[in-house]
Amino acid sequence: MVEFGKMLKSLRIKAGLTQKQLAEKLGITSSVVSYYELSERNPSPEILVKLSHIFHVTTDYLLGIERDMNRSLDVKGLSGEEIALLEHAIAVFRDRKD
């Protein structure tokens, strides 16, 4: 199982964020982000949820429970027609040939 700190650092770097930038998004100090990445502290459930939104992953993925970085879309508040359009767009992207 991948350690949370390594997972967080990897996601932060892939997103092109510094520890300070991530800390600002979370409303914490950069030293706390460093503690998370060094596995010296664990985030609260609230921070864990914020991280999942920032990196567009599930909390299970962040915790190493889920191995695949499947992303989910929050479609709350969208009409059936809008959801169908999103599903169509996803299908188009999956079927495209590079």
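The values are calculated or read from the model by the stated rules, or taken from the named source; none is laboratory data. Nothing here was measured: the structure is a model prediction, and the numbers come from that model. When we count neighbours, we look across all protein chains shown, and the Cβ atoms used for this are built from the backbone with ideal geometry, even at glycine.
Anything in region 1-31 that is hydrophobic (A, V, I, L, M, F, W, C), crowded, with 17+ Cβ neighbours inside 10 Å and not in a loop (DSSP other than H, G, I, E, B)? List them, or say none.
Listed by number, the residues that qualify are F4, M7, L8, L11, L22, A23, L26.
From the residues in region 32-65 that are touching a Leu at 6+ places or on another chain (Cβ under 8 Å) and assigned to a loop (DSSP other than H, G, I, E, B), which one is farthest from F4 (Cα to Cα)?
Once the filter is applied, the top-ranked residue is V57.
Taking the condition of a type outside the set (S, T, Y) and in contact with a Ser or Thr (Cβ under 8 Å, 6 or more places away or on another chain), does V49 pass?
For V49, the condition - of a type outside the set (S, T, Y) and in contact with a Ser or Thr (Cβ under 8 Å, 6 or more places away or on another chain) - is met.
Considering only residues that are charged (D, E, K, R) and loosely packed, with under 14 Cβ neighbours inside 10 Å, look in region 40-66 and name the one that is modelled with the highest pLDDT.
E46
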